[in-house]
Amino acid sequence: MANRVEPIRSVKGTRDLLPRETALWQRVEDEARRVFAAYNFREIRTPILEQTALFARSVGADTDIVSKEMYTFQDRDDESLTLRPEATASVVRAYIEHAMYNEGGIHKLYYIGPMFRRERPQKGRYRQFFQIGAEVLGSDHPKIDAEFLEMLALLLTRVGITEYQLLLNSVGCSKCRPQFVETLRQALEQVKDKMCGDCQRRSVTNPLRVLDCKVEADQPIIEKLPQIIEHLCAECRVHFDHVTKELGDRGVAYQISPRLVRGLDYYTRTTFEMTSNVLGAQNAFLGGGRYDGLSEMIGGPPTPGFGVAIGEDRLLLMVEHAGVLKADDGLDVFVAWLGDAAEQPAAQLARSLRQEGWRVESNYEAAKLKKSLGQASKLGARFAVIIGEGELASGRYQVKDMAAAQQVEVERNQIAPFLKEKLQKGSH
Ligand code: AMP
């Protein structure tokens, strides 16, 4: 006997989403698209591959993402390419590349797609994961920030999630942040020797990143460091106060979190994160904020921006846990036919029901009624239509309500309207 070939498995940190999962993913994405549309966002699809420099310049060379986690390779012509670790930089690149700023006004864009980071896999953390993101380009008005957070609250309501925290902070702007960073650098001088290697290095190269450190032993030290929210310039303070007032007016609850500087360099002013107790160690399910300097960092004109990236994998864990939103992929009708003469009439009925949008299955080969009904029940069909010799002769088909186990005879030409009425009364 030939040696069996070792089966090839999926790459570590990546996973297959099977139909029993994708049905709910689609429902969540449908809700997201609807909410984004209600706030006048439109979809953008950017490539998964980008030039490495895009992320080095925007996310920042000294962040974990760029320094440790990117899937970067030399292409055959020696160009350095990267599988996108996030999509905000790509969206802003596209905005600049297509001179969308020439159209004037505010651009509201959203995307849904896979991102790649070479992190240590665990529950809710993968090397290929999905983000649902949205960006507003072209205005730094505090109302944008507040309206955006209101939109996220609506999206969460729509997918049945009520238990979460909105954490909010401001990281200042190019005027006040350098001064704060200097203050932080000085404070770190005193304590950095007691901190981890990354913090020791970053206290010199990029002190703000020290605040992202996840090392347990460093946390008590970080708690005592100066807080950026106390060192904002007058403009940033006014902006932040306006955002929080707007949130209050809109009934959006939040908590100020002074350490929330986010792991990417491009943020300015408002930053936010949402967390949930359902998730365990990886408790942040979305994050974002304002990035008024990002466009210039990658060679574009000054363009204020604000955005979010929702971790879709984590959002789905929460949606499943909440159990309010349900997948909508059950079979509506099974058309069971007996005897060759019934094959064509069955095909015709299945076709007309499918044309009306119902989910329909039928037996492909002649089968005993018991077998076909068994299959209908296994597939979760709500109704079975039975067409045999007697039904063909009378022109009246049997329609069986599978759950109620009730059967009625319906005039052949009335089957479609009859089912339509019944099914619309149900969950459709
Ligand atoms: P970030 O782009 O780092 O601000 O991340 C935004 C959101 O994406 C986070 O709040 C997570 O929910 C999600 N996310 C980030 N990295 C991963 C990952 N490796 N696996 C799954 N979700 C992730």
> From the set of residues in segment 121-130 that are in a loop (DSSP other than H, G, I, E, B) and within 9 Å of the ligand (Cβ to nearest atom), which is farthest from Arg42 (Cα to Cα)?
Replying inline: Pro121
>> I'd like the full set of residues that are closer than 30 Å to Val243 by Cα and hydrophobic (A, V, I, L, M, F, W, C), limited to segment 184-220.
In response: Leu184, Ala187, Leu208, Val210, Leu211, Cys213
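Just give me the residues in segment 9-38 being within 16 Å of the ligand (Cβ to nearest atom) and among the basic types (Lys, Arg), in sequence order.
In the first step, residues of segment 9-38 are kept if they are within 16 Å of the ligand (Cβ to nearest atom); the result is 10-17, 21, 25, 28-29, 32.
Answer for segment 9-38, where residues must be within 16 Å of the ligand (Cβ to nearest atom) and among the basic types (Lys, Arg): Lys12, Arg15.
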> within 29 Å of Val238 (Cα to Cα), modelled with pLDDT of 95 or more and within 12 Å of the ligand (Cβ to nearest atom) - does that describe any residue in segment 83-99?
Replying inline: yes
> Assuming Val278 fulfils every condition listed in (1) within 16 Å of the ligand (Cβ to nearest atom); (2) modelled with pLDDT of 95 or more apart from one, which condition is it?
Replying inline: (2)
>> Tell me the residue from Gly113, Gly105, Gly133 that is small (Gly, Ala, Ser), assigned to a strand (DSSP E or B) and surrounded by fewer than 20 Cβ atoms within 10 Å (Cβ to Cβ), please.
In response: Gly113
>> Residue pairs, Cβ under 6 Å, 6 or more apart or interchain, first in segment 237-253 and farther than 14 Å from Leu149 by Cα, second surrounded by 12 or more Cβ atoms within 10 Å (Cβ to Cβ). List them.
In response: His239/Pro142; His239/Arg269
> For residues in segment 1-57 being β-branched (Val, Ile, Thr) and surrounded by 11 or more Cβ atoms within 10 Å (Cβ to Cβ), which is farthest from Tyr71 (Cα to Cα)?
Replying inline: Val35
> For segment 220-231, does any single residue satisfy the condition of being under 16 Å from Cys173 (Cα atoms) and in contact with a strand residue (DSSP E or B) (Cβ under 8 Å, 6 or more places away or on another chain)?
Replying inline: yes
> Mind checking which residues of segment 375-389 are surrounded by fewer than 13 Cβ atoms within 10 Å (Cβ to Cβ) and either within 35 Å of the chain's Cα centre (by Cα) or free of Cβ contacts under 8 Å to residues at least 40 places away in the same chain (or both)?
Replying inline: Lys378
> Ala89 versus (1) crowded, with 21+ Cβ neighbours inside 10 Å; (2) over 28 Å from Asp198 (Cβ atoms): which is the lone unmet condition?
Replying inline: (2)
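Of the residues in segment 177-193, how many are in contact with a helix residue (DSSP H, G or I) (Cβ under 6 Å, 6 or more places away or on another chain) and over 24 Å from Cys233 (Cα atoms)?
2
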> Which of the residues belonging to segment 282-303 are away from the ligand (no atom under 13 Å from the Cβ) and either in contact with a Lys or Arg (Cβ under 8 Å, 6 or more places away or on another chain) or over 22 Å from Gln131 (Cα atoms) (or both)?
Replying inline: Arg290, Asp292, Gly293, Glu296, Met297, Ile298, Gly299, Gly300, Pro301, Pro302, Thr303
>> Looking at Lys400 and the list (1) touching a Lys or Arg at 6+ places or on another chain (Cβ under 6 Å); (2) crowded, with 16+ Cβ neighbours inside 10 Å, which single condition is not satisfied?
In response: (1)
> Mind checking which pairs have a first residue in segment 305-316 that is near the ligand (Cβ under 6 Å from one of its atoms) and a second that is modelled with pLDDT of 95 or more and outside any strand (DSSP E or B), Cβ under 9 Å, 6 or more apart or different chains?
Replying inline: Ala309/Glu86; Ala309/Ala87; Ala309/Thr88; Asp313/Arg15; Asp313/Tyr126; Arg314/Ser276
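The values are calculated or read from the model by the stated rules, or taken from the named source; none is laboratory data. Please read these numbers as outputs of a predicted model, since none were measured by experiment. Positions of Cβ are backbone-derived with ideal geometry, glycine not excepted, and every protein chain shown enters the neighbour counts.
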